[in-house]
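Undergrad: Mind having a look at this structure? Questions to follow.
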Amino acid sequence: MKTMMKGSILALGLSALAAGTALAQEATFVMTARLVGAPTYNPIKATKLNTATTLIYDRLVVQDADQSFHGQLATSWESSPDGMLWTFKLKPGVKFHNGEPFNAKTIEWWVPQFKGTENAFTVEAVDKVEVVDDVTVRFHMKHPDPNLLFNLASSFMCVPEPKSYEALGDKFGVTEAIGTGPYKMQQFTVGQQTVLVRNDDYKSASDLSKNQGPAKFKKLTFREIGEESTAYLELKTGGADVLVNVPTDFLPRIQTDKAVKLVTIPGNEVVYMPINTSVEPFTDIKVREATAFALNQKEILTSLYGGNGETADTFLISSLKESQVDPKYKISYDPERSKKVFDAAGWKPGADGIRVKDGKRLEVKLWGQNGTEFKRLAEIVQAQLKAVGMQADISIIDAGSINAQYRKKTEHQLAVRAYQWTNADIVDWFFAAKRAGYPNVSMFNDPEAEKLNDIAMNKSKTWDERVANFTKYHEYVLSQYPFAPIYQPVQSLAYGKRVVLPEKIRGVGFSSQSMIDIAPAN
Amino acid sequence: MLRFAIRRLAMLVPVFLAVSLVIFMIIHLVPGDPLEHLIQVGSSPEQRAQMIARYGLDQPLLVQYGRWLAKIASGDLGDAIVMRRPVSQLIAENMPHSLTLGGTALIFSTVVGIVTGVLAASFRDSLFDRAVMGFILLGSTLPSFWLALLMILMFAVQFEWFPVSGARTWDALVLPALTIGIGGTALIARVTRAAMVEISQRDFVRVLQAKGVPFWRIQLRHILQQAMLPVMTILGLRIGWILGGAVTVEYVFARPGLGSLLITGLGQRDYPLVQGCLLMLAIAVMLGTLIGDLAQAALDPRLREAMGAR
Amino acid sequence: MSRSSLAGRLVRSPRGAICALFLLALVLCAISAPWIAPYDYAAQKLSIANTPPSAAHWLGTDEFGRDLLSRIIQGARTSLSVSVLSIALSVLVGATLGAAAGYFGGIFDRVVTVFVDLTWSFPEILLALILIAILGPGLHSTAIAIAIAYLAQFTRLTRAQVMALKGELFVDAAVTAGARPARVLFLHLLPNAMTPVIVAGMLATGDAIVLEATLGFFGLGAQPPVPSWGAMMSSGTAQIFIAPWIIIFPGLVIATAVIAINVFGDALIEALDIRRPLRDG
């Protein structure tokens, strides 16, 4: 024991001498809240993947924060003018973790694997994949899909190694996960932690990464901690180096903490209040309009989120082109307009301030999902609606059953919700009549909207055409007030003293593009 | 004794069947289904229907129950739908953590509980007695999540003696075990003290005292031995609490465990997982109660007769 | 035992008396909450969010700038009524089931015993979490979940009491006199069997307060803006680093209330000269 002690004291002394060169070899990342509980690292079959996935695998293309596309396993690509043919050039000489080569044959095998899975929609438009040569593939399309690159950049389109994928079956992504990424999966305990070790041969980083070689840490541990306070305390006490997703309502507190640094990237999330258009009193578009203009987005931004992030005034995140609608369609706090429209609709203030029409009080239900953030948000919204004369009674419903409740269609009126998505087709997902109940919580069903939806979803050949069509559809939806926009969070990472993060995070989220640029602090 | 044990075991069979039926049905009463966690943006209602069929959720409940029971009989708890692993594997991964935490807490509360109970009973109504019982009462009334958070703030953040969370090193066990242990200590100390006080008023104690047997010898050799009976009963009853009662503490300390696994499964409406966890818990509790009863019967032949006669 | 002598004995235990007075004060607070609270418990004033205790706000404010003292007073109403009502429900149903099982025996007794063993098998918190998942969150389901979670305890206790009393002389006398079984059970047996059950119920009320708080911590109890001690602590958890008073004060109130209930319960047990029921959890 004594000699051991001596040994370690000696080692300590030595490392002090060598300070500056001896850097940390390991780092611990903590994921909390919704990043907890991804059951598998099988990108093809997963419906939920966490941050570590893009370190194990590479994708054909990746996105930058401005939504532009950059090659990773693909070096270049082009599509024919009619959108029926896509050609990808692949990076030569890339090898999987088990030594198998990555080439055009991999892609030919890979695309059909999606058939019948929950992720089938991603390559649904691809008819077949043709191998032109070792590093060239051609996608023959069933119909044009301007969204193809977007899909290819999602983490569900991480490319796994075919042989082990076939051999392991359902165990792939659970016991072993083999890709071409900068890290190899060493151990994975669902809900607990994932241990990754460096792939020393890595050289397929995209041009978004400064580091074009292998990653800088030998070993990474991704821990999953459900309780947000605990996750933050791990970072604060040095039990972790990076908190991958800082809950937005924690930001004000972290900003005052000197031991912890914060990096923010544009958000990919919108918080909003759907309005059930099919039940009284919201069948009246005037009531919807008045309600939508009653929410004070700025107050919510400052008081609940400490001024971090942006207010929302449309349904889409502001980095999407389709969010740039004609200003007259934007929805933001206007209490005078709200009161005027309520009056015009016949809802007059009663004795206690709550509006009344034909002897009925303006009482509605406001639903929220279980969790501190939504609960606090619901409480603020409740107070703001009261200020214009609407009484909202809050029900907090747990995440597992709230969608089933929405499917009952007539039980809910208002709700506070959030979605995370970086494509305009989310307007279709939440407002198409065929999905009324859930996800179309607003029960929005409008013939004009359906027509514009069909054009946007199915009649666009190129990306620009798609943008124009979706903008029109989006504008029309806004004009009908089936929801009120509230807030666009930022994505934030917090990190401790032992690591240095790149100043600018590249990508629509925190993924391999910037993660391999993380370096030990010296 | 053997006959008693077999009798007692046979009595468990109908209970087990009833428990399994309730366990199976109860999760289906919960609104929502596991598919909410599998549906992707962009997928169609047809895909949803396909998935429901794939997991056999389109069958009548009784048919599903029959299949499940048949599987259990062959030792298979099925596969978790959302987690995509055999339920038995998930339980095997989490059970050791529950046992370590529960076991440590149990040992802690038994040792500390009995010692304080004996001391409090021996110095009954002294300042020591009151202080100890007061402290214990305080510890047992605090909600465990509150105690857990304060423990983290104090011993992990302020003093940095222990890690905040997880189960990766031995010292991560200390705070959660202490949090749970305090409640158990209070219970065991209280039962020990009460039993000892009661027994010390019995005639045989007076006889021993009259014979001049030393005080501590009477306390430890004669009274404590008999007082162990109710303590054992309580411990037998606490098996379920040891395995599944630590949910709150596991959650705050981000520890794996059977309780957390069950709550995760419940949140995801993962039917096979919830059923499997509940069944394991129920079996453990039944065995715990059984062992408690048997131990009692072994210590007290009268009870054996009484139970056998019923 | 006459009433005056019970009160007399209770008064002779000063700790019991103090606790009884404290509990009485708490109940009065809960009843008169809207009139004695210094502020409106729901009034948000975001400009003074998370302020520490001061002359204006004795216990500080929460994350919406609401007065914590007013919320604790209003919360007493919610927390106490939920725990008292749920335990009352539990005692009522449990005692009826247990008494019937103990008195009639036979197949009914078997069924009840199996049922009791069944719920007894699970920690109350798990039972309550599962029940709330079925019923949906909210105060009503919290109360029902707590009632069911503690049902087994009272059923067991009453059954044991009734079985012990069944052989007593006065029961035989009543039966010989030609009284109907229900009459014997409700008029002769139950009143004699109930004292320990009611004391156990009182002690369980303390546990129910803690269980309500824990369910509140998981966000399943009272719906905002109605405060309960548990719900207050739940939202306080996220503020623990900047505004620890939000979680500390409700916690202290819970601890004091539960201790008072326990000490008073113990005094009651001594005054009534019954054995303290063994409890778990």
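Undergrad: Which numbered condition trips up B:I72, out of (1) farther than 28 Å from B:I218 by Cβ; (2) within 14 Å of another protein chain (Cβ to nearest Cβ); (3) of a type in the set (V, I, T); (4) assigned to a helix (DSSP H, G or I)?
TA: (2)
Undergrad: Answer with yes or no whether A:T122 is crowded, with 21+ Cβ neighbours inside 10 Å and modelled with pLDDT under 95.
TA: Taking the combined requirement at face value, the residue satisfies it.
Matching residues to (1) in contact (Cβ under 8 Å) with a residue 40 or more places away in the chain; (2) out of contact with any Asp or Glu (no Cβ under 9 Å at 6 or more places or on another chain); (3) within 10 Å of chain C (Cβ to nearest Cβ):
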{"residue": "B:L150", "(1), (2), (3)": "no, yes, yes"}
{"residue": "B:F155", "(1), (2), (3)": "no, yes, no"}
{"residue": "B:F159", "(1), (2), (3)": "no, yes, no"}
{"residue": "B:T185", "(1), (2), (3)": "yes, yes, no"}
{"residue": "B:Q226", "(1), (2), (3)": "no, yes, no"}
{"residue": "B:F253", "(1), (2), (3)": "yes, no, no"}
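Undergrad: Within the stretch B:36-60, track down each residue that is under 24 Å from B:I91 (Cα atoms) and at pLDDT 75 or above.
TA: Hits for the stretch B:36-60 are B:R54, B:Y55, B:G56, B:L57.
Undergrad: So which of B:I152, B:I188, B:I136 is of a type in the set (A, V, I, L, M) and at pLDDT below 80?
TA: Within the list B:I152, B:I188, B:I136, the selection yields B:I136.
Conditions tested, residue by residue: (1) within 24 Å of the chain's Cα centre (by Cα); (2) under 20 Å from B:S109 (Cβ atoms).
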| residue | (1), (2) |
| --- | --- |
| B:D129 | no, yes |
| B:S165 | yes, no |
| B:R168 | yes, no |
| B:L173 | yes, yes |
| B:V191 | yes, yes |
| B:I199 | no, no |
| B:A210 | no, no |
| B:I218 | no, no |
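Okay, residues lined up against (1) touching a residue at least 24 places away in the same chain (Cβ under 8 Å); (2) surrounded by 23 or more Cβ atoms within 10 Å (Cβ to Cβ); (3) under 27 Å from C:V226 (Cβ atoms):
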{"position": "C:I130", "(1), (2), (3)": "no, yes, yes"}
{"position": "C:A133", "(1), (2), (3)": "no, yes, yes"}
{"position": "C:H140", "(1), (2), (3)": "no, no, yes"}
{"position": "C:A152", "(1), (2), (3)": "yes, yes, no"}
{"position": "C:T158", "(1), (2), (3)": "yes, yes, no"}
{"position": "C:V162", "(1), (2), (3)": "yes, yes, no"}
{"position": "C:A173", "(1), (2), (3)": "no, no, no"}
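Undergrad: Out of the residues in the stretch B:36-69 that are in a helix (DSSP H, G or I) and in contact (Cβ under 8 Å) with a residue 24 or more places away in the chain, which is nearest to the other protein chains (Cβ to nearest Cβ)?
TA: Top of the filtered list is B:E36.
Undergrad: Restricting the stretch A:44-74 to residues that are of a type in the set (K, R) and within 15 Å of A:V159 (Cα to Cα), which is modelled with the lowest pLDDT?
TA: A:K45
Undergrad: Can you pull out the residues in the stretch A:469-517 that are surrounded by 21 or more Cβ atoms within 10 Å (Cβ to Cβ) and of a type in the set (K, R)?
TA: A:R506
Undergrad: For the stretch C:1-22, which residues satisfy the criterion of being modelled with pLDDT under 80 and either under 30 Å from C:I242 (Cα atoms) or in a helix (DSSP H, G or I) (or both)?
TA: Those that are modelled with pLDDT under 80 and either under 30 Å from C:I242 (Cα atoms) or in a helix (DSSP H, G or I) (or both): C:R3, C:S4, C:S5, C:L6, C:A7, C:G8, C:R9, C:L10, C:V11, C:R12, C:P14, C:R15.
Undergrad: Could you check, for the stretch B:5-27, whether at least one of its residues is within 13 Å of chain A (Cβ to nearest Cβ), of a type in the set (S, T, N, Q) and buried (at least 16 other Cβ atoms within 10 Å of the Cβ)?
TA: For the stretch B:5-27, residues within 13 Å of chain A (Cβ to nearest Cβ), of a type in the set (S, T, N, Q) and buried (at least 16 other Cβ atoms within 10 Å of the Cβ): absent.
Undergrad: Within the stretch A:82-105, is even one residue modelled with pLDDT of 95 or more, in a helix (DSSP H, G or I) and surrounded by fewer than 17 Cβ atoms within 10 Å (Cβ to Cβ)?
TA: Checking the stretch A:82-105: at least one residue is modelled with pLDDT of 95 or more, in a helix (DSSP H, G or I) and surrounded by fewer than 17 Cβ atoms within 10 Å (Cβ to Cβ).
Undergrad: Can I ask one more? Determine the pairs where a residue that is hydroxyl-bearing (S, T, Y), located within the stretch A:232-257, has a partner that is outside any strand (DSSP E or B) and buried (at least 20 other Cβ atoms within 10 Å of the Cβ) with Cβ atoms under 7 Å apart, the partner being 6 or more residues away or on another chain.
TA: Pairs that qualify, where the first residue is hydroxyl-bearing (S, T, Y) and the partner is outside any strand (DSSP E or B) and buried (at least 20 other Cβ atoms within 10 Å of the Cβ), are A:Y232/A:F250; A:T237/B:A156; A:T237/B:V164; A:T248/A:Y305; A:T248/A:N308; A:T248/A:G309; A:T248/A:E373; A:T248/A:P489.
Undergrad: Being surrounded by fewer than 21 Cβ atoms within 10 Å (Cβ to Cβ) and either aromatic (F, W, Y) or touching a residue at least 60 places away in the same chain (Cβ under 8 Å) (or both) is the filter here, so list the residues in the stretch A:437-453 that pass it.
TA: If the condition is that a residue be surrounded by fewer than 21 Cβ atoms within 10 Å (Cβ to Cβ) and either aromatic (F, W, Y) or touching a residue at least 60 places away in the same chain (Cβ under 8 Å) (or both), then A:Y438, A:N445 are the ones that fit.
Undergrad: Tell me which residues, restricted to the stretch C:248-266, are surrounded by 20 or more Cβ atoms within 10 Å (Cβ to Cβ) and either over 13 Å from the mean Cα position of the chain (by Cα) or of a type in the set (D, E, K, R) (or both).
TA: C:F249, C:P250, C:G251, C:V253, C:A255, C:V263, C:F264, C:D266
Undergrad: Now, a different point. Does A:T283 satisfy the condition of being modelled with pLDDT under 90, polar (S, T, N, Q) and either surrounded by fewer than 22 Cβ atoms within 10 Å (Cβ to Cβ) or outside any strand (DSSP E or B) (or both)?
TA: Spelling it out, it is not the case that A:T283 is modelled with pLDDT under 90, polar (S, T, N, Q) and either surrounded by fewer than 22 Cβ atoms within 10 Å (Cβ to Cβ) or outside any strand (DSSP E or B) (or both).
Undergrad: Sticking with this structure for a sec: Mind checking which residues of the stretch B:119-140 are among the polar types (S, T, N, Q) and within 12 Å of chain C (Cβ to nearest Cβ)?
TA: The answer is B:S140, and nothing else.
Undergrad: Next question. Can you spot a residue in the stretch B:77-92 that is touching a Ser or Thr at 6+ places or on another chain (Cβ under 8 Å), at pLDDT 85 or above and charged (D, E, K, R)?
TA: no
Undergrad: Which ones in the stretch C:35-47 are part of a loop (DSSP other than H, G, I, E, B) and either among the polar types (S, T, N, Q) or touching a residue at least 60 places away in the same chain (Cβ under 8 Å) (or both)?
TA: Listed by number, the residues that qualify are C:Y41, C:A42, C:Q44.
Undergrad: Given the conditions (1) among the polar types (S, T, N, Q); (2) in contact with a strand residue (DSSP E or B) (Cβ under 7 Å, 6 or more places away or on another chain); (3) outside any loop (DSSP other than H, G, I, E, B), which single one is not true for C:N50?
TA: Exception for C:N50: condition (3).
Undergrad: Among the residues of the stretch A:179-231, write down those that are under 21 Å from A:K163 (Cα atoms), touching a residue at least 60 places away in the same chain (Cβ under 8 Å) and within 14 Å of chain B (Cβ to nearest Cβ).
TA: The answer is A:F188, and nothing else.
Undergrad: Out of curiosity, is A:Y232 at pLDDT below 95 and outside any loop (DSSP other than H, G, I, E, B)?
TA: Against the criterion (at pLDDT below 95 and outside any loop (DSSP other than H, G, I, E, B)), A:Y232 qualifies.
Undergrad: Also, quick follow-up: How many residues are away from chain B (no Cβ under 11 Å) and farther than 16 Å from A:G368 by Cβ if we restrict to the stretch C:204-242?
TA: Qualifying residue count for the region: 8.
Undergrad: Could you tell me which of the residues C:A76, C:A43, C:A25, C:A56 is exposed (fewer than 14 other Cβ atoms within 10 Å of the Cβ), among the aliphatic types (A, V, I, L, M), at pLDDT 90 or above and out of contact with any Asp or Glu (no Cβ under 7 Å at 6 or more places or on another chain)?
TA: Only one candidate passes the filter, namely C:A25.
Undergrad: Restricting to the stretch A:436-465, give me the number of residues that are touching a helix residue (DSSP H, G or I) at 6+ places or on another chain (Cβ under 7 Å) and not in a loop (DSSP other than H, G, I, E, B).
TA: Going through the stretch A:436-465 one residue at a time, the tally reaches 9.
Undergrad: Same structure again: Given the conditions (1) more than 10 Å from every other protein chain (Cβ to nearest Cβ); (2) touching a His at 6+ places or on another chain (Cβ under 9 Å), which single one is not true for A:Q405?
TA: Every listed condition holds for A:Q405 apart from (1).
Undergrad: Moving on. Are any residues in the stretch C:108-165 of a type in the set (F, W, Y) and in a helix (DSSP H, G or I), and if so, which ones?
TA: Selection gives C:F108, C:F115, C:W120, C:Y150, C:F154.
The values are calculated or read from the model by the stated rules, or taken from the named source; none is laboratory data. Keep in mind that what you see is a predicted model, and the values were worked out from it rather than measured. Because the Cβ atoms are built from the backbone with ideal geometry, glycine has one as well, and the counts that use them run over all protein chains shown.
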